[in-house]
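I have a structure I would like to understand better, so I am pasting it below and will then ask my questions one at a time.
The values are calculated or read from the model by the stated rules, or taken from the named source; none is laboratory data. Owing to the predicted nature of the structure, the values given are computational and were not obtained by experimental measurement. Positions of Cβ are backbone-derived with ideal geometry, glycine not excepted, and every protein chain shown enters the neighbour counts. Note: accessible area is taken over every heavy atom of the protein model, side chains too, but ligands, DNA and RNA are not part of it. Shrake-Rupley method; radii C 1.70, N 1.55, O 1.52, S 1.80 Å.
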Amino acid sequence: FLETTAYFCMKPKMGEKEVSPHSFFSIWHEFSSDFKDFWKKENKLILQERVKEAEEVCRQKKGKSLYNIRPKHDSGIVSKNHRNT
């Protein structure tokens, strides 16, 4: 515990000789809960951006035809009979 508090450069409060676990973990709890809140917000924003991108891709694909329609050519027997008459 003492090595961890030294790593994070925590100093004891006035009137204390060492950093107490209560003071260390109260700060750590605040940090971790704030970090969790920001993490959730950031993930939500990323998800919204990905949904928008996917919707845009779908809109673009719907705009393009998946098949081509060619005009009908008069090359059958019926068209030959109509031309001869």
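Return the distance in nm (one decimal) between the two label points of a simple spin-label model at R50 and I27, each offset 7 Å from Cα along Cα→Cβ.
Distance between the two pseudo-spin positions: 3.6 nm.
Let me ask something additional. Can you give me the accessible area per residue for the stretch 5-62, using a 1.4 Å probe, in Å²?
Values: 5700 Å² over 58 residues.
Here the residues of the stretch 5-62 average 98 Å² of exposed surface.
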